[in-house]
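The values are calculated or read from the model by the stated rules, or taken from the named source; none is laboratory data. In this text the structure is predicted, and so the values were computed from the model without any measurement. No Cβ is skipped: glycine too gets one built from the backbone with ideal geometry, and neighbour counts run over all protein chains shown. Please note that ligands, DNA and RNA were not included when accessible areas were found on the heavy atoms of the full protein model with its side chains. Shrake-Rupley method; radii C 1.70, N 1.55, O 1.52, S 1.80 Å.
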Amino acid sequence: MEQSVEAWQQLVQQVPAEYITLIWHYAQIPKDEVAEELTLFMQEADTRFSEAVDDAERFTTGTLPNGLAFASNGDILISNFGTDRLERMTRTGESTIMHDSVDGEPIGKVNFVIRDSRDRIYMTVSTMITNWMETISPNVADGRIVLVDDGGIRIFAITPDGDLRIILDDDRGSAAGRAFLDAFHRDEATSELMLAAGGTIAPWTASVTFGGPDLRTVYVGSLRGTRIPYFRSPVAGLPMVHWQATGAAPGI
């Protein structure tokens, strides 16, 4: 049992998942043995594992691949929020570090990555502070966008033009949300207050993507959710660049 608990504690540091599911093959394991193992796990290992892992620590330590994109040759580009670097993984599983600094400084908390039709790579950086939960403050504004192309890696700016329109307000004025925002404006926000807030449809909303045959279905990703909500959009999203390269995009 001690070895099982230790193995699960090590696994959660490697896999950025809130829930991990065990699957037994009933054709190979007698059902009585499966039932006994499930009971033992739920009564012993699961309880001790949950107690040993701090909820906030799941989002601040270890390797945390947060954004993925395909390179032109099919390799996977990884913005690793845990290691603060842009990584590249081949189809056979070998990983290399592409970039971990900009202008001689650490690159920061890389969040999302995408590649365009001219083979340029864009990354969003949430903050330059390693423990990003310390940046829950109105006095911290150090996010940026990084561009990687034939000229190297550099920081650039985008100036938005247009009106702000809220499509989904998952918090909807909850007591936990108000408490967090009030503390934030006083520069007194804590990870506990943030963990208590976040809504119920897509808790800690993190990303959106267009899908479906006409690319008008918008899927909403969240850090703490256990499901993927979606809605229909009046406009279609653009097909991913690797779809055009392979002909795999719907309608292309």
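Among the residues here, residue 171 qualifies as within 29 Å of residue 233 (Cβ to Cβ) and acidic (Asp, Glu).
Residue by residue, here is whether (1) touching a strand residue (DSSP E or B) at 6+ places or on another chain (Cβ under 8 Å); (2) open to solvent by 30 Å² or more (accessible area, probe 1.4 Å); (3) not polar (S, T, N, Q) holds:
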{"site": "169", "(1), (2), (3)": "no, yes, yes"}
{"site": "173", "(1), (2), (3)": "no, yes, yes"}
{"site": "179", "(1), (2), (3)": "no, yes, yes"}
{"site": "188", "(1), (2), (3)": "no, yes, yes"}
{"site": "193", "(1), (2), (3)": "no, yes, yes"}
{"site": "201", "(1), (2), (3)": "yes, yes, yes"}
{"site": "206", "(1), (2), (3)": "yes, yes, yes"}
{"site": "212", "(1), (2), (3)": "no, no, yes"}
{"site": "216", "(1), (2), (3)": "yes, yes, yes"}
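Checked against the criterion of being small (Gly, Ala, Ser) and more than 26 Å from residue 219 (Cα to Cα), the candidates 152, 143, 173, 162 yield just one match: 152. Checking the conditions here, which among 83, 90 is farther than 17 Å from residue 131 by Cβ and either modelled with pLDDT under 90 or of a type in the set (Phe, Trp, Tyr) (or both)? Exactly one residue qualifies, and that residue is 90. If you go through region 142-165, how many residues are assigned to a loop (DSSP other than H, G, I, E, B) and either surrounded by 13 or more Cβ atoms within 10 Å (Cβ to Cβ) or not polar (S, T, N, Q) (or both)? Of the residues in that region, 12 qualify. Restricting region 97-117 to residues that are under 17 Å from residue 149 (Cα atoms) and polar (S, T, N, Q) leaves a set whose member that is most open to solvent (accessible area, probe 1.4 Å) is 117. Filtering region 201-252 to residues that are hydroxyl-bearing (Ser, Thr, Tyr), part of a loop (DSSP other than H, G, I, E, B) and at pLDDT below 85 leaves only 226.
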